[in-house]
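Q: Supplied in structure tokens, the structure appears directly below.
The values are calculated or read from the model by the stated rules, or taken from the named source; none is laboratory data. Being a predicted model, the structure only gives us computed values, none of them experimental. Reconstructed Cβ throughout: ideal geometry from the backbone, glycine too, with neighbour counts over all protein chains shown. Note: accessible area is taken over every heavy atom of the protein model, side chains too, but ligands, DNA and RNA are not part of it. Shrake-Rupley method; radii C 1.70, N 1.55, O 1.52, S 1.80 Å.
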Amino acid sequence: MDAQLLTLIDLQAFDTRIAALEAEAARLPKQIDALHAALADAKKTLETLKAKADLTKKDLRTKEKDLDVVTAKRAKAEARLWEVKNNTEYSAVLIEIEAIKQEKAKGEEEILTLMELQERLVVEVREAEARFKTREEQARQDEAVIRKTLAAVEAELAVVRAERDSRARELPRPLLADYEKILKARGGVAVAAVTSAAICGGCRVSIRPQAIQELKAARAPMLCESCGRYLYWQDSA
């Protein structure tokens, strides 16, 4: 096979590998970003739950203070029963006391509801903190694995690029420039195989019989008349 054609085939293999490694090198940091984003969302959920628990605690303290005020107000109203001068005033104080009783009962019910909510939230916060800690540790381990993989990919990429550049120097500059132009225009595939099916491995168009004979002779690089890729003959396994 023509030496330049062999070099083109090798370059295509290098460039295919480089494209795969570059895609992997671009994908892995996104995985790390996704880990950080998921962890941030989990932390935000935990902080929201904590804020709700804190707000419930504050509401409970406020309601308890309000209840103390109502209790004191009832005591004063009951004390006034001994000071009234007639039945009308007595009846008015009794009505006031009854209203205070209802206000107190409502306050006590609200306090009970808040206490139950607070107890539930304390449990939920504790469980959420445990889940977040586990998730945080798992994310740390996953990130370490991804970074190790990324380092390996970048190291291999440097080696393959160096080998590719060394091989590329064996081609005449015009031929190398043409190859790289086709590579860019044809989605990273500038060299395609033709098998006994007699079709271009790049564009799947049939190759003329005369061209097949020239390919088999492999005396010089040949371009596909349809897609413009370099072709080479590949015997079927």
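Q: Mind checking which pairs have a first residue in segment 108-133 that is closer than 16 Å to R61 by Cα and among the acidic types (D, E) and a second that is assigned to a helix (DSSP H, G or I) and open to solvent by 60 Å² or more (accessible area, probe 1.4 Å), Cβ under 6 Å, 6 or more apart or different chains?
A: Close Cβ pairs satisfying both conditions: E110/K63.
Q: Modelled with pLDDT of 95 or more, assigned to a helix (DSSP H, G or I) and open to solvent by 60 Å² or more (accessible area, probe 1.4 Å): which single residue out of E143, E163 fits that description? Write out each step before concluding.
A: On the way: E143 fails: open to solvent by 60 Å² or more (accessible area, probe 1.4 Å).
Criteria check complete, one pass: E163.
Q: Another question about this same structure. With the requirement that a residue be of a type outside the set (D, E), surrounded by fewer than 17 Cβ atoms within 10 Å (Cβ to Cβ) and touching a residue at least 24 places away in the same chain (Cβ under 8 Å), what does segment 10-24 give you?
A: Taking segment 10-24 as the starting set, the residues that turn out to be of a type outside the set (D, E) are 11-14, 16-21, 23.
If we keep only those that are surrounded by fewer than 17 Cβ atoms within 10 Å (Cβ to Cβ) too, we end up with 13, 16-17, 19-20, 23.
Of everything in segment 10-24, those that are of a type outside the set (D, E), surrounded by fewer than 17 Cβ atoms within 10 Å (Cβ to Cβ) and touching a residue at least 24 places away in the same chain (Cβ under 8 Å) turn out to be T16, R17, A19.
Q: Okay, moving on. Hey, can you tell me all the residues within segment 224-237 that are surrounded by fewer than 15 Cβ atoms within 10 Å (Cβ to Cβ) and of a type in the set (A, V, I, L, M)? First the steps, then the outcome.
A: Restricting attention to segment 224-237, the residues satisfying the condition of being surrounded by fewer than 15 Cβ atoms within 10 Å (Cβ to Cβ) are 225-226, 234-237.
Scanning segment 224-237 gives a single hit, A237.
Q: Among residues belonging to segment 207-220 that are open to solvent by 40 Å² or more (accessible area, probe 1.4 Å) and of a type outside the set (G, A, S), point out the one that is nearest to L11 (Cα to Cα).
A: For segment 207-220, the residue satisfying everything is R219.
Q: Ok, one more. May I ask you to say which residue of E170, E154 is more than 21 Å from Q234 (Cα to Cα), part of a loop (DSSP other than H, G, I, E, B) and either charged (D, E, K, R) or without any contact (Cβ under 8 Å) to a residue 24 or more places away in the chain (or both)?
A: Working: E154 fails: part of a loop (DSSP other than H, G, I, E, B).
Only one candidate passes the filter, namely E170.
Q: Consider K148 carefully, then state whether it is without any contact (Cβ under 8 Å) to a residue 24 or more places away in the chain and under 39 Å from the mean Cα position of the chain (by Cα).
A: On the way: without any contact (Cβ under 8 Å) to a residue 24 or more places away in the chain: yes; under 39 Å from the mean Cα position of the chain (by Cα): yes.
Here the answer is yes, as K148 does meet what is asked.
Q: Quick one: how many residues across segment 84-104 are closer than 21 Å to D66 by Cα, among the hydrophobic types (A, V, I, L, M, F, W, C) and open to solvent by 50 Å² or more (accessible area, probe 1.4 Å)?
A: Residues in segment 84-104 being closer than 21 Å to D66 by Cα, among the hydrophobic types (A, V, I, L, M, F, W, C) and open to solvent by 50 Å² or more (accessible area, probe 1.4 Å): 2 in total.
Q: While we're on this one: What's the number of the condition V93 fails, among (1) touching a residue at least 40 places away in the same chain (Cβ under 8 Å); (2) in contact with a Leu (Cβ under 7 Å, 6 or more places away or on another chain)?
A: The one condition V93 does not meet is (1).
Q: Answer with yes or no whether R131 is assigned to a helix (DSSP H, G or I), of a type in the set (D, E, K, R) and under 30 Å from D54 (Cβ atoms). Walk me through it before giving the result.
A: Numbers: assigned to a helix (DSSP H, G or I): yes; of a type in the set (D, E, K, R): yes; under 30 Å from D54 (Cβ atoms): yes.
Answer is yes for this residue.
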